[in-house]
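The values are calculated or read from the model by the stated rules, or taken from the named source; none is laboratory data. Because the structure is a prediction, the values reported are computed rather than measured. All Cβ positions, glycine included, derive from the backbone under ideal geometry; neighbour counts span all protein chains shown. Protein only, heavy atoms only, side chains kept; ligands, DNA and RNA dropped before computing areas. Shrake-Rupley method; radii C 1.70, N 1.55, O 1.52, S 1.80 Å.
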Amino acid sequence: MPRGGTPPIRSFLMRMSNVFSRTLREAPSGAESAGYGFLLRAGFIQQLGAGIFSLLPLGLRSVRKIERIIREEMDGIGGQELQMPVVNPADIWKETGRYYSIDKEMGRFQDRVGRDMVLAMTHEECVTDIARFELDSYKRLPQLVYQLQTKWRDDPRPRAGLIRVREFTMKDSYSFDRDLAGLEKQYRAHYSAYFRIFDRCALPTIAVGSDSGMMGGKVAHEYMYLSSIGEDTIITCPACGYTANRQVATFTKTSYPEELLKTEAVHTPACPTIEDLANFLGIPKRKTAKALFMMGTFVDSTTGEERQRLILGVVRGDMEIEENKLQNVAKANALRPAHVDEIRLAGMEPGFGSPIGCDPSVLVIVDDSVAKSNNLVAGANKVDYHLINTNFGRDYTGTVADIASAAAGHACPQCQTALEQSKGIEVGNIFQLGTRYSESMGCFFQDEDGTRKPVIMGSYGIGVGRLLACLAEHYNDESGLKLPITSAPYQVHLVSLVKDQEIADGIYEELQAEGIEVLYDDRKESAGVKFADADLIGIPIRITLGNRSLKEGSVEVKLRSNLQETNALPLASLGSQVKELVTSLHKEISARISHRELA
RNA sequence: CGGGGCGUUGCCUAGUGGCUAAGGCGCUUGCUUUGGGAGCAAGAAAUCGGAGGUUCGAGUCCUCUCGCCCCGACCA
């Protein structure tokens, strides 16, 4: 916990005349978002390739501060830092099957003798390999290790600067427990620690229930920074606080049971969409069933063998299918829209498709809303024809599950209030892995009763660069960045406008003596240039040395967060007063740390 | 992987098949200026992403290719 100011990190003095990077008056083309543009213009980062960035000295200083906060909070819940290799032998990834189930996103190569190697995109395999050697007894549990390490994920579409990149630093921690209660405890500890981390960075986040994705666990939360440039859709209930990623969000579906009527084919020319169909027949969309054809890839995790199977998702016409849910229910490794010929081969007609009369090889997954509704209009699998009064169970069967996509306006699954939706950026996640990795990799311990049990694991990540990107997105104005003092590269920006270098140097040294992190603009530039750069880089405290105030024995102090207000500080006690100001800015952030526990 | 866009000096841009590729910012030198991106003057810096082609002549047209950005698919 920070009490007052955080002690400075190394080389906390810097003259602007000596800063490695320079500022840009215009953002390089392609900088879409404000935060990204300023990070580039202020010289925090530079792009090397698609989704590949260098951190320049200023950016690295911010990252180091964020990392320091993360380390303190991870240590605070008993984490022990270690470091695992980025390059892994493929063997361990073959053991868990992820060598096969993960597609092109994983970087692969062979070493000089032809051994398969991978670039680790996460470290469950590696840490489990370590743990199966170390953790052989209940006496050695629980454990928690973490690292800050580079990951390579060959994302098909990097974008938005540091928000979505291919190479990035992640804080990943891994918990090991003898039982579920232990896992739960570590999970809860992370849940709260993550909020403290984001609070100390002053990044507003919310935790949402999430899909466990490729991690393959059960319970999972994501920490979201809400932003219009976010790529995830978050469903929230304004009344009871229910929050979830749309990928897993549920809602209360109204059903309309009716007496079953006889199925009939009707001619429905030019009605390939639900909209057209409902208009043509003069019925509400909820009286129809919508079909979505996806080709699923299923990978055998022991052999790596791939199989394709057509999946037909059916949802009521007034809803959309959530593909993530569909994929989970189907237990498919990947989904893609099916091609027209693949659909026809299975006896169905795109635009007029339904499970009625389809090939038995098709995996039919029906949303519960369809299963509970009656007499729906569905495709006849014949061009320009639909069937009215179709009923699940009587006319077709399939797996019933929730595969509908929650959206604003739907009823909250907990309290029935209308849900809201917003966009968010995932800055962290926590997963209860269970025994997915310990079992497949043979990470067992002997319990008190003598039995051999798989270690129960959890996995917890924070994207460090993404966190900085979110902060830059959140803290900026038209002139530049205004990062909070906990993540700004320096605490004080000393802008000297006086000719007498000696006076300025003296003040610079005095601040240094107080242990303050100072960026000192000693350049022979005009005042306008210096102010513009100070605005752009956005160091939280600005001290301006001008002839006028110096004559009166004082300097001007402003906060980047409020450039309108100027305070004069007497030279005599400058060091201690600035130190106090640094401390009070830290306190301001500390005061807003709220303890949040998993409900 | 599909659709779209863009590659011209360190950055942002202009450039109608035709002379030595233009401007702003930045950079160098000198003088002036010094409380919000200063002024004057003189400079350096581009084989126009790459390869091939059409043409008397290509930054400009064609083909291929590489890179980057955006939308989608995808993804933590």
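Annotations
- When the stretch A:221-247 is filtered for residues that are closer than 17 Å to A:Glu597 by Cα and polar (S, T, N, Q), only A:Thr243 remains.
- Failed condition for A:Arg112, given (1) outside any loop (DSSP other than H, G, I, E, B); (2) more than 20 Å from A:Asn429 (Cβ to Cβ); (3) more than 16 Å from RNA strand B (Cβ to nearest atom): (1)
- Enumeration of residues in the stretch A:177-199 that are touching a residue at least 60 places away in the same chain (Cβ under 8 Å), open to solvent by 10 Å² or more (accessible area, probe 1.4 Å) and farther than 25 Å from A:Ala249 by Cα: A:Arg178, A:Asp179, A:Gly182, A:Arg196, A:Asp199
- Considering residues of the stretch A:240-287 that are at positive phi and modelled with pLDDT of 80 or more only, the residue least open to solvent (accessible area, probe 1.4 Å): A:Gly241
- Filter result (within 16 Å of RNA strand B (Cβ to nearest atom), at pLDDT 95 or above and under 27 Å from A:Glu588 (Cβ atoms)) within the stretch A:148-190: A:Leu148, A:Lys171, A:His190
- The requirement of being open to solvent by 10 Å² or more (accessible area, probe 1.4 Å), within 41 Å of the chain's Cα centre (by Cα), hydroxyl-bearing (Ser, Thr, Tyr) and in the same structural domain as A:Leu569 (by TED's automatic domain parsing) is satisfied by A:Tyr508.
- Matching residues, the stretch A:307-343, being open to solvent by 20 Å² or more (accessible area, probe 1.4 Å) and over 25 Å from A:Lys285 (Cβ atoms): A:Arg307, A:Gln308, A:Arg309, A:Asn328, A:Lys331, A:Asn333, A:Ala334, A:Arg336, A:His339, A:Asp341, A:Glu342
- Within the stretch A:419-431, the residues that satisfy the criterion of being surrounded by fewer than 24 Cβ atoms within 10 Å (Cβ to Cβ) and over 13 Å from the mean Cα position of the chain (by Cα) are A:Glu420, A:Gln421, A:Ser422.
- Single residue of the stretch A:92-107 satisfying the filter (of a type in the set (Gly, Ala, Ser) and open to solvent by less than 20 Å² (accessible area, probe 1.4 Å)) that is nearest to RNA strand B (Cβ to nearest atom): A:Gly107
- Residues that are of a type in the set (Val, Ile, Thr) number at least 1 in the following strands (runs of 3 or more DSSP E) confined to the stretch A:174-267: A:206-209, A:232-236, A:243-245, A:264-267.
- Cross-chain or 6+ apart pairs with Cβ under 6 Å, the stretch A:419-431 first and more than 16 Å from A:Val165 (Cβ to Cβ), then in a strand (DSSP E or B) and open to solvent by 40 Å² or more (accessible area, probe 1.4 Å): A:Ser422/A:Leu226; A:Gly424/A:Leu226
- Answer residue from the stretch A:558-586, given it is surrounded by fewer than 16 Cβ atoms within 10 Å (Cβ to Cβ) and in contact with a Gly (Cβ under 8 Å, 6 or more places away or on another chain) and is farthest from A:Asp199 (Cα to Cα) among those: A:Ala572
- Scanning the stretch A:473-515 for residues that are away from RNA strand B (no atom under 13 Å from the Cβ) and small (Gly, Ala, Ser) returns A:Ser487, A:Ala488, A:Gly506, A:Ala513, A:Gly515.
- Screening A:Val87, A:Val145, A:Val165, A:Val127 for residues that are open to solvent by less than 40 Å² (accessible area, probe 1.4 Å), touching a strand residue (DSSP E or B) at 6+ places or on another chain (Cβ under 8 Å) and free of Cβ contacts under 8 Å to residues at least 60 places away in the same chain leaves exactly one candidate, A:Val127.
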